[in-house]
Amino acid sequence: MTTLIDITGDWSIEDGPSREVLFDALRLFNEQRRVEFTVLGPDPFNRPGLRGTPYTLVTQVNGIQAEDGSGQNWILTVYFLGVPKQLQPTHLGPYTVYFNDQRRKGHVLDATPLDEKLHIRGDEVWRGSQKIGEIPRHLMAD
């Protein structure tokens, strides 16, 4: 039986690939190179301070954009493919993700295609004139 999960809202990335594996996944896109991200969503019962169940999802990397000049922070375009016959995201299109390859943590920012360049203003992520998300302070580089 396949479980559907809605990866919109307050989802964090608790574990992800190294920078080398991440860039190899993009470089070998035509060979369908996949990576895994462990994501953690909000508590389904909205209890303060609690988080939901972590899921390790097979992911296709479709784009990488430098978030800043550190060489550690990235804005990714990914497709969460789920886990065959177990988990399937409800949104099948691309997701925009902030990811720090040193901490291997990040945050799901948006579930729509990247049609304009993203801009980082402080801890806010903007697409054109629309604010699409925030990078949690504890995930930002020191």
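Results, tabulated for the structure shown:
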| quantity | calculated |
| --- | --- |
| Alpha carbon convex hull of segment 1-67, volume per residue in cubic angstrom | 120 Å³ |
| Whole-Hz ³J(HN,Hα) from phi, Karplus 6.51 cos²θ - 1.76 cosθ + 1.60, for segment 18-30, glycine and proline x | 6, 4, 4, 5, 4, 5, 4, 4, 6, 4, 9, 3, 5 |
| Long-range HN-HN contacts of Gly52 with modeled amide H, under 5 Å | Gly41, Asp43 |
| Rg [Å, one decimal], Dmax [Å, integer] - segment 1-125, C-alpha atoms | 14.2, 44 |
| Note, ³J(HN,Hα) from phi for segment 78-94, Karplus 6.51, -1.76, 1.60, rounded to Hz, x at Gly and Pro | 9, 10, 7, 8, x, 10, x, 6, 10, 10, 9, x, 6, 9, 8, x, x |
| Relative contact order (%) - criterion: Cα under 8 Å, at least six apart; region: the chain | 22 percent |
| Loop-resident sites, segment 8-115, for chymotrypsin sites (Phe, Trp or Tyr not before Pro), counting at most 11 other Cβ within 10 Å (DSSP) | Phe45 |
| Coil-residue trypsin sites (Lys or Arg not before Pro) of segment 3-97, DSSP, other Cβ within 10 Å capped at 12 | Lys85 |
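Each reported figure results from applying straightforward, stated rules to the coordinates on display, with no laboratory input. As the structure is a computational prediction, the values presented were derived from the model and not from experiment. All Cβ positions, even for glycine, are placed from backbone atoms using ideal geometry, and neighbour counts span all protein chains on display.
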